[in-house]
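K.L.:
Structure below; questions to follow.
Read-outs throughout are calculated quantities, based only on the coordinates presented, and are distinct from any laboratory measurement. Every value quoted in this text rests on a predicted model; they were computed, and no experiment measured them. With ideal geometry, Cβ positions are generated from the backbone for all residues, glycine too; neighbour counts draw on all protein chains shown.
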Amino acid sequence: MKFYHTKYTRVNEDRLSSLPDELIHKILSCLDMKFVVQTCLLSSRRKLLRTTMPYLNFSNYPFGSLLRKFSKFVTHVLSHLNHQVDMTLIKLRFKDAVSQVIVKRIANYAFSHNVQELTIESFSPYQSYHPRKYPSCLFISHSLKHFTFSSPFSPCVTPKTPRVFPALTTLHLLHIKLCDADQESLDLFSKCVNLKNLTLDVFTVENVGVLEIITPRLSTLTLIYGRCSEVVNLVAPKLEKHKVTNFSFKYLNAPSRLSLLYYRGCCPPAELCKDRFHSLDKVTICLYLDSPYKEEDARMSLNMLQKLHSASYLTFNADIIECITSFPDLLLHHSSPFSNLICLKIDSGVRKDVCQVNMSMEGRNFFLDNSRNATVIVELTLNLGDSF
């Protein structure tokens, strides 16, 4: 039997320190600041580079419940930075409660050093759902371009005055309460004059008659798992893409330039704005409708479809088709609104067990009478009352 011996050579070379400054900063930006400090102690060059880092990644996870120790650490890091260096990215992730003093200290440093991107994630392992309030300075910056704020299980209550972000282009707010005071209308984004992408994810707007989203340059708006008591008024002349998923509202007033609409929910919206969708090109609608289908759901669905008359590409789930075709007498009173239709796609949506959907002749006429050359794509077996 032969034994092979392998020699291991100990390498004392500091390969990280031999890299360019910018690349070292990028690598260290992936680490929590506590580990960055520990790593930089191993090299005199890295000690200096740590003071010029344009990326800061704070988290109280390594400190456990030692809030005072985390506060001292934040103060130590900020005080030893080169104050002539502007910030590119700052991340703050914390669990449980972190005092407003710490959040305010980091926010003030970030905004006074022209931070470009800010991400704040507040996580509580306990589903207490007690709203938290954060300092108003967090929502005022003249340099910030990308802002992500997340506070699951303990939703953030944001100030009811407009956010002041004149340079902001991307805003993502997750698990927030936009207002907790009685008022007729709420305007939060009109001072974000350069905002192009807005996402509100898991949010509520309570005790407000009209939610105003006034943004002159907004091109993409995403509303996910939200609740608004009355009206959503979109004053966004450049809005082209609008995605709505499980967002409850009574009336949506959208700009006429909208070209892409995605809607997913448990029922049709009570009202889409009338005679405004003149530029719609692609539309995807997925409704979760219980069988046996109700005539009221069919009426609301037909009312919604009439507003989408300009669309060229339509995608519907099986529930919509079966619901409206279950009431042929209703369809007899509605002529086909789709004169620009190029492609109609029907899929099973979330009902993966669906292998067949029934479409009556009245349903076929409603969708295709004014666009007989349209292509029909079916992702399941389609049982037609008559052939196309």
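K.L.:
Output wanted: per-residue J couplings in Hz (rounded whole) for the range 46-59, from phi through Karplus 6.51 cos²θ - 1.76 cosθ + 1.60, θ = phi - 60°, x for Gly and Pro.
P.N.:
5, 4, 6, 5, 4, 6, 10, 5, x, 10, 10, 10, 9, 8
K.L.:
Quick one: which of 331-337, 291-297, 215-221 comes out on top by average Cβ neighbours within 10 Å, and what's the full order, highest first? Let's see the in-between values first.
P.N.:
On the way: 331-337: 14.7, 291-297: 13.1, 215-221: 19.4.
Per-residue mean Cβ counts within 10 Å order the peptides as 215-221, 331-337, 291-297.
K.L.:
Could I ask something else about it? What ranking of 361, 87, 304 emerges when the number of other C-beta atoms within 10 Å of each C-beta is taken as an exposure proxy, fewest first? List each step's numbers first, then the result.
P.N.:
Details: 361 14, 87 22, 304 18.
Placing the least packed residue first, the sequence is 361, 304, 87.
K.L.:
Search the structure for amide H atoms under 5 Å from the amide H of residue 134, placed 1.01 Å from N in the peptide plane, and list their residues when 5 or more places away or on another chain.
P.N.:
157
K.L.:
Apply the Karplus curve 6.51 cos²θ - 1.76 cosθ + 1.60, θ = phi - 60°, to the phi angles in the range 219-228 and return the couplings in whole Hz, x for Gly and Pro.
P.N.:
10, 9, 10, 10, 10, 10, 6, x, 9, 10
K.L.:
Right, something else. For residue 117, what charge total do you get from the other residues with a beta carbon under 13 Å from its beta carbon, if Lys and Arg give +1 and Asp and Glu give -1?
P.N.:
Its environment carries a net charge of +1.
K.L.:
Quick one: what are the phi-derived ³J(HN,Hα) couplings along the range 323-330, Karplus 6.51/-1.76/1.60 with θ = phi - 60°, whole Hz, x for glycine and proline?
P.N.:
5, 6, 7, 6, 10, x, 5, 5
K.L.:
Of 91/196; 191/241; 95/241; 26/241; 91/282; 26/282, which ones are farther than 31 Å apart at the Cα?
P.N.:
Working: 91/196 22 Å; 191/241 21 Å; 95/241 34 Å; 26/241 33 Å; 91/282 36 Å; 26/282 39 Å.
Pairs exceeding 31 Å: 95/241; 26/241; 91/282; 26/282.
K.L.:
Could you give log10 I(q)/I(0) at q = 0.11, 0.15 Å⁻¹ for the range 15-103, computed by the Debye formula over C-alpha point scatterers of equal weight, without solvent?
P.N.:
After summing over all Cα pairs, the log10 values are -0.30, -0.56.
K.L.:
I would also like to ask the following. If R0 is 30 Å, what FRET efficiency do you get for residue 250 and residue 201 from their C-beta distance, rounded to 0.05? It would help to have the intermediate numbers written out before the result.
P.N.:
Values: r = 21 Å, r/R0 = 0.69.
Computed FRET efficiency for residue 250 and residue 201 comes out at 0.90.
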